[in-house]
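Take a look at the structure set out below.
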Amino acid sequence: MLEVSQLTSGYGSMQVLWDISLSVKENEIQVVLGANGAGKSTFLKVAIGLLPLWSGDLKMNGTNIAPLAVAERVKHGLGYMSEQGIFPDLSVEENLRLGSLRTKTKSVGDQIDNIYERFPELKERRKSLAGGLSGGQRKLVGIGRALISEPKILLMDEPSSGLSPRYVNEVIERLAELRGGITLVIAEQNISFLSIADTVSVIEGGKTRFTGSVSDFNNNDTLKEAFFGIE
């Protein structure tokens, strides 16, 4: 569904990405691994349209989406969850309603009910400020806000950020429940997310260093030790 070939980009005149290439199939979960500063977040921002594509190809279902504005990419079915994922000063339900802006008005209530059915703990806190929730619940609000627009592909930036191991495992379990119904591209430095991944790409120094199956990654001791200190 998503084809990236020799993508380059950066901030202002500073280049951050060099020839990023990866491919994501329909309903696949791909984890894009890399340490802080590797270029993962920059890549996602280019993919959703928050940063310009300097060169290379960016296609979704065979369509060149590089010239499209963010809103047009969203209409094509591309979703994005930032590292924070929420508006902390808004209630849970207000956050969800913001995610429904491209949903037909008559179905917004149904869409929110669907999110509450998937994450019942959010319904209990629907009037609470999102910033006052536990770390795991905040992430669920962010996921719900992203899902409510019914994206075909959801780009997720560091869903483990700021979470304890307990809540990281909870988020992983919830994302696993989405398997088969949506394509996920998860930028992470936490290798625990490989437990739900179909494929993995490694970005280091703004370049793609590996892309392939999780088993191939797990069998590549040189790669794991060089980039993640895993022996």
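Every read-out reported here was derived from the displayed coordinates using simple, explicitly stated rules and does not represent laboratory data. Everything numeric in this text was worked out from a predicted model, so none of it was measured. Here Cβ is always computed from backbone atoms with ideal geometry, including for glycine, and neighbour counts include all displayed protein chains.
The stretch 169-231 and the stretch 72-151 have Cα centres spaced 25 Å apart.
Applying 1/(1 + (r/R0)^6) with R0 = 35 Å to the Cβ-Cβ distance of Asp110 and Ser23 gives a FRET efficiency near 0.55.
Working note: Karplus 6.51/-1.76/1.60 with θ = phi - 60° gives the stretch 188-193 the couplings 8, 10, 8, 6, 4, 5 Hz, where Gly and Pro are set to x. Size descriptors for the stretch 14-119, from the alpha-carbon set: Rg then Dmax equal 16.1, 45 Å. Under 5 Å from the amide H of Ser91 lie the amide H atoms of Ala130, each residue being 5 or more positions distant or on a separate chain, with H modelled from the backbone and absent for Pro and chain starts. As a rough footprinting exposure proxy, the listed residues Tyr80, Tyr11 were ranked by other beta carbons within 10 Å of their own, and the order from fewest upward is Tyr11, Tyr80. Using 0.36 nm per residue and subtracting the Cα-Cα separation, the extra length available between Asp216 and Thr8 on full extension is 72.3 nm. Applying the Karplus relation 6.51 cos²θ - 1.76 cosθ + 1.60 with θ = phi - 60° to the stretch 42-52 yields 3J(HN,Hα) values of 4, 4, 5, 5, 5, 4, 7, x, 6, 10, x Hz, where x marks Gly and Pro. As an equivalent ellipsoid, the chain spans semi-axes of 28, 21, 16 angstrom, where each value is the square root of five times an eigenvalue of the C-alpha gyration tensor, largest first.
Temperature 4 °C, viscosity 1.567 mPa s: under these conditions the Stokes-Einstein estimate for the stretch 99-169, based on its Kirkwood radius over C-alpha pairs, is 100 µm² per second. Based on C-alpha pairs under 8 angstrom that are at least 6 apart in sequence, the chain has a relative contact order of 29 percent. Remark on Arg209: its backbone amide H falls under 5 Å from those of Val202, Ile203, Glu204, a criterion applied only to residues 5 or more positions apart or on other chains, H modelled at 1.01 Å from N.
Relative contact order, whole percent, for the stretch 1-42 stands at 36, derived from Cα pairs under 8 Å and 6 or more residues apart.
Divide the volume of the convex hull around the Cα atoms of the stretch 30-87 by the residue count and you get 115 Å³ per residue.
Full extension of the chain segment joining Val70 with Arg209 gains 47.3 nm, where the gain is 0.36 nm per residue of separation less the Cα-Cα distance.
Pairs of Cα atoms under 8 Å, at least six residues apart: use those to get the relative contact order of the stretch 89-176, whole percent. Relative contact order, the stretch 89-176: 36 percent. Taken one residue at a time, the phi angles of the stretch 198-210 give Karplus couplings (6.51, -1.76, 1.60, θ = phi - 60°) of 8, 9, 9, 10, 10, 10, 9, x, x, 10, 6, 9, 7 Hz. Gly and Pro are set to x.
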